[in-house]
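Here is the structure we will look at, set down as structure tokens.
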Amino acid sequence: MPSNVEIKARVSNATRLAERASQLSQSEGTVIRQQDTFFNCSTGRLKLRNLMDGSGQLIFYERPDCDGPKVSNYSLSTTQDPEGLRTVLADSLGVKGEVRKERRLFLVGQTRVHLDSVEGLGHYMELEVVLREDQGPEEGEAIARSLMKELGVGDDSLVTGAYVDLLLEDKIT
């Protein structure tokens with residue numbers, strides 16, 4: 001199962017973070033609209049990502065809910081019928097929640113830097129250090145920590161869980 005080291009953080013100044021990410025990636029980034037539907041499952045998380053262009057990805061992943069860098073193991077399958085697949089999964093498993101976001105993706109080395117504008121939550125940043133087979137989680141964590149510093153992201157901005165968890169917490173409180 002492929003794995004990466006991830007961090008998620010709140011962003012107070014999205015413009016400044018985008019400028020830093022643009023400098024590091026030497027690109028303006030790619031804007032991607034996404035709608036993620038999370039389904040009930042007994043372990044990990046199962047989501048269908050609708051890429052809003054007639055394609056999608058079914059993604060299962062497991063990672064601890066803690067702040068700071070964490071290892072995420074995942075498996076992914078693509079689909080050309082995200083709406084049809086959503087209907088089948090919703091009918092069979094039930095929907096846990098939905099997340100709509102606009103993502104600006106930057107590539108810095110082996111790391112995907114996401115600047116996300118999440119409907120109902122605001123601005124966040126994710127780092128996904130895609131681990132090679134010869135790399136351990138410690139090396140991925142070191143890369144993530146170094147990139148956090150370069151982007152000006154402090155430990156006090158880190159959050160736990162997935163966007164869907166943050167949205168569901170807001171509904172409860």
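The values are calculated or read from the model by the stated rules, or taken from the named source; none is laboratory data. Quantities reported herein were computed from a predicted structural model and do not represent experimental measurements. All Cβ positions, even for glycine, are placed from backbone atoms using ideal geometry, and neighbour counts span all protein chains on display. To get the accessible areas, we keep the full protein, side chains included, count just its heavy atoms, and leave off ligands, DNA and RNA. Shrake-Rupley method; radii C 1.70, N 1.55, O 1.52, S 1.80 Å.
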Asn73 label point, 7 Å along Cα→Cβ, cut-off 16 Å on backbone N: hits in segment 121-163?
131-138
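Over segment 15-55, with the other protein chains present, what is the accessible area per residue in square angstrom, probe 1.4 angstrom?
Numbers: 2230 Å² over 41 residues.
Ligands and nucleic acids excluded, the result is 54 Å² per residue.
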Suppose R0 equals 22 Å. What FRET efficiency, 1/(1 + (r/R0)^6) with r the Cβ-Cβ distance, do Arg16 and Leu158 give to the nearest 0.05?
0.80
Whether segment 100-173 is rounded, prolate or oblate, judged on the alpha carbon gyration tensor where a/c under 1.5 counts as rounded:
prolate
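Rounded to the nearest 0.05, what FRET efficiency is calculated for Glu139 and Asp65 with R0 set to 22 Å and r the Cβ-Cβ distance?
Values: r = 23 Å, r/R0 = 1.03.
E(calc), rounded to 0.05, equals 0.45.
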Of the accessible area of segment 95-173, with the probe set at 1.4 angstrom, what percent is carbon plus sulfur?
48 percent
Label points 7 Å out from Cα along the Cβ direction at Ser92 and Ser117: separation in nm?
3.6 nm
Hey, can you find the accessible area per residue of segment 72-173 for me, probe 1.4 Å, expressed in square angstrom?
54 Å²
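Could you work out how much longer the chain between Met52 and Glu83 gets when fully extended? Use 0.36 nm per residue separation minus the Cα distance between them, nm to one decimal.
Values: separation 31, 0.36 × 31 = 11.16 nm, distance 1.00 nm.
Contour length minus the Cα-Cα distance gives 10.2 nm.
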Centre separation in Å (Cα based) which lies between segment 24-52 and segment 119-163
16 Å
Report the calculated FRET efficiency for Leu107 and Gln23 (r = Cβ-Cβ distance, R0 = 22 Å), to the nearest 0.05.
0.95
